[in-house]
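Quick notes on the structure that follows.
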Amino acid sequence: GRTKLEGEQAVQAVGGAFLVFRTAWIYSARGRNFLLTIRRLSRERDALQVVDDQVGCPTWAWLVAEATARVARASRIVETRDAGWLRERSGLYHLACGGETSWCGFARAIVAQVPGARSVP
């Protein structure tokens, strides 16, 4: 969290118009993330242990990319007619899916969709 905050502060310190999207619990069909790890482990192990006391909003990476692209397109279109559009909206925004679950709840939902899963948290 500290390095994320430092990055946000560095963007703000540069000055000018900016948008920072704060995200969390990002998952995707590619790369290294909780979704893919739980899918793999549920096929390899007889039991999984996943914490149930941390709550958040799992957020699909595609949603973050799509929202960012839409804002970027909108700001370019509007900036050509209204130079202050982005400056007026500059700031820090939270970008996440709705709802909430624990890591354990998220893992259970993932495992329920895995054919041949051997374990459930």
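The values are calculated or read from the model by the stated rules, or taken from the named source; none is laboratory data. None of these values were measured; they are calculated from a predicted model. Please note: Cβ atoms are built from the backbone with ideal geometry, for glycine as well, and neighbour counts cover all protein chains shown.
Filter the range 13-33 for residues that are loosely packed, with under 14 Cβ neighbours inside 10 Å and either in contact with an Asp or Glu (Cβ under 8 Å, 6 or more places away or on another chain) or part of a helix (DSSP H, G or I) (or both) and give the result.
ALA13, VAL14, ARG22
For the range 27-44, check the following and say yes or no: at least one residue is of a type in the set (Ser, Thr, Tyr), within 14 Å of TRP103 (Cβ to Cβ) and touching a strand residue (DSSP E or B) at 6+ places or on another chain (Cβ under 7 Å).
Yes, the range 27-44 has at least one match.
Confirm whether LEU36 is more than 30 Å from GLU88 (Cα to Cα), free of Cβ contacts under 8 Å to residues at least 24 places away in the same chain, surrounded by 15 or more Cβ atoms within 10 Å (Cβ to Cβ) and out of contact with any Gly (no Cβ under 8 Å at 6 or more places or on another chain).
Spelling it out, LEU36 is indeed more than 30 Å from GLU88 (Cα to Cα), free of Cβ contacts under 8 Å to residues at least 24 places away in the same chain, surrounded by 15 or more Cβ atoms within 10 Å (Cβ to Cβ) and out of contact with any Gly (no Cβ under 8 Å at 6 or more places or on another chain).
Against the condition loosely packed, with under 13 Cβ neighbours inside 10 Å, more than 26 Å from GLY1 (Cα to Cα) and not acidic (Asp, Glu), how does ARG70 come out, does it pass?
Against the criterion (loosely packed, with under 13 Cβ neighbours inside 10 Å, more than 26 Å from GLY1 (Cα to Cα) and not acidic (Asp, Glu)), ARG70 qualifies.
Would you check if there is a residue in the range 75-96 being more than 30 Å from ALA10 (Cβ to Cβ), exposed (fewer than 12 other Cβ atoms within 10 Å of the Cβ) and touching a residue at least 24 places away in the same chain (Cβ under 8 Å)?
Checked the range 75-96: no residue is more than 30 Å from ALA10 (Cβ to Cβ), exposed (fewer than 12 other Cβ atoms within 10 Å of the Cβ) and touching a residue at least 24 places away in the same chain (Cβ under 8 Å).
Going by the structure shown, is VAL50 surrounded by 13 or more Cβ atoms within 10 Å (Cβ to Cβ), at pLDDT 95 or above and either in a helix (DSSP H, G or I) or not hydroxyl-bearing (Ser, Thr, Tyr) (or both)?
In short, yes.
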